[in-house]
1. In what sequence do 416, 239 fall when counting other Cβ within 10 Å, fewest first?
2. So, by mean Cβ neighbours within 10 angstrom, what's the order for 464-472, 140-148 with the highest one leading?
3. Within 10 Å of each residue's Cβ, count the other Cβ atoms and sort 429, 129 from fewest upward.
4. What number does the stretch 432-537 give for Rg over Rh if you use C-alpha atoms and the Kirkwood radius?
5. Rounded to whole Å, give me the distance from the Cα center of the stretch 479-540 to that of the stretch 431-475.
6. What does the chain give for Rg and for Dmax, in Å, if only its C-alpha atoms count?
7. Order 480-488, 364-372 from most to least packed using the mean count of other Cβ atoms within 10 Å.
8. To test your reading of the geometry: what angle, between 0 and 90 degrees and rounded to tens, separates the Cα axis of helix 503-518 from the longest principal axis of the chain?
């Protein structure tokens, strides 16, 4: 069995949505709320410590009915079953997609080629736990016998964005270790970090599945050279560990084979923080908190697998996104967490969503004539209210937004929390209602200024209230967006788990780098030739 290959635009529900859109597109949400006093309750999902209000969207019960029919017509239920049963749903790369197995309980069964991978997953988790405890408790020491104080994660893409986002988001739970992330091949990045570190007390985690990624190896080798100015070759084994499948290359680098943590083909990079790629997370916040993160994600997995689509959080959010993207032609979505700790959350989702669903070929190999992946962006509130909110409120583009807030603060400062949440709630209300010309006049506004102070409103938002930012709740939140990605990919009839679009630039970069080394010139367009010549002269 494989994923269904159904062009969504050929379904009955899609045609119903097109007809519905024609009569509905100019309806104002204010009128929908005025007509139905129970609207908020109808369009709210309560699950565990999540409260998801999607009533401030340009939808009615009729819209919702057609969207749910669309999920059925594209055989979403069957697709979910295919993913969780370990089928090769990443057809273009011949792989299963089983990041959910990484956070499943020990008695679960996830089979790849007929073999349950859970025992292998738990073997690696036990290794992560043991290693973490040794480092955190100071039992594992550096080459001069001192306990480690700093961790440096060396990776890029999923090997960096996931761990970096989680460590930043959960810094409230930080232990005595300080974690740093090196990703960009920009030498200023790596040198700026290591210049303030002590080689005697720093542990380096190199994350690269193949151990051939240019950026990661360049940074690893630069750090190795810096380290060897203070230490000897034999000391590398004490200070460098690796998350990789290429044992021979890792050993050649100097890493002790016992300090290699394995990865699997059935985990895509952008979904890998739950695996040994999350070693830096475990080191930063302790294994118990890392395990709580996994358990939270597993709870969302079970919700997604078993809940009816009408009250299934990832499915509902995905269907609403399809409605805006494909019918209102809204090309972007904003993600606005009201927590400074989630400063990197939108950046993390950019890779997860845009690398997964930025596709223009369907699962049949045909060119797509409808919109797929949405552009994702955002920053924490209230900072963003003083930046791009102007565009959302009064700009010409329709930008649906997810507002994420926590009912309880971490440090218990009620004054700040009340101010934060008052802004959180006020913004979605303002985006819904706007401000009419009559309201502006009633404020005594100068006649010439009146048009500039009118707000159209009718701007859609989802409000996601979570009790508290904990490792478990963050795990649920990340998994929620992962499953939203999956649902959208199924509906758009695309393969969400390959990323060939990132390869071409890498290939050309390798060729250009060889030109620098050999002082040669390959064939390029005239613009690239001019730029190459300019760089060479400027660098002399």
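Bear in mind these aren't lab numbers, they're just calculated from the coordinates by the rules spelled out. Computed from a predicted model, the values in this text were never measured in an experiment. Every residue, glycine among them, receives a Cβ derived from its backbone with ideal geometry; neighbour counts consider all protein chains shown.
1. Details: 416 11, 239 23.
The order, fewest Cβ neighbours first, is 416, 239.
2. Details: 464-472: 19.7, 140-148: 15.3.
The most tightly packed comes first, giving 464-472, 140-148.
3. Working: 429 13, 129 16.
Sorted ascending by nearby Cβ count, the order is 429, 129.
4. Working: Rg = 26.8 Å, Rh = 20.8 Å.
Reported Rg/Rh, Kirkwood definition of Rh: 1.29.
5. What the calculation gives is 40 Å, centre to centre.
6. Rg and Dmax of the chain, Cα atoms, are 25.1, 78 Å.
7. Values: 480-488: 23.6, 364-372: 12.2.
Per-residue Cβ counts within 10 Å, averaged per peptide and sorted highest first, yield 480-488, 364-372.
8. Roughly 40 degrees between the two axes.
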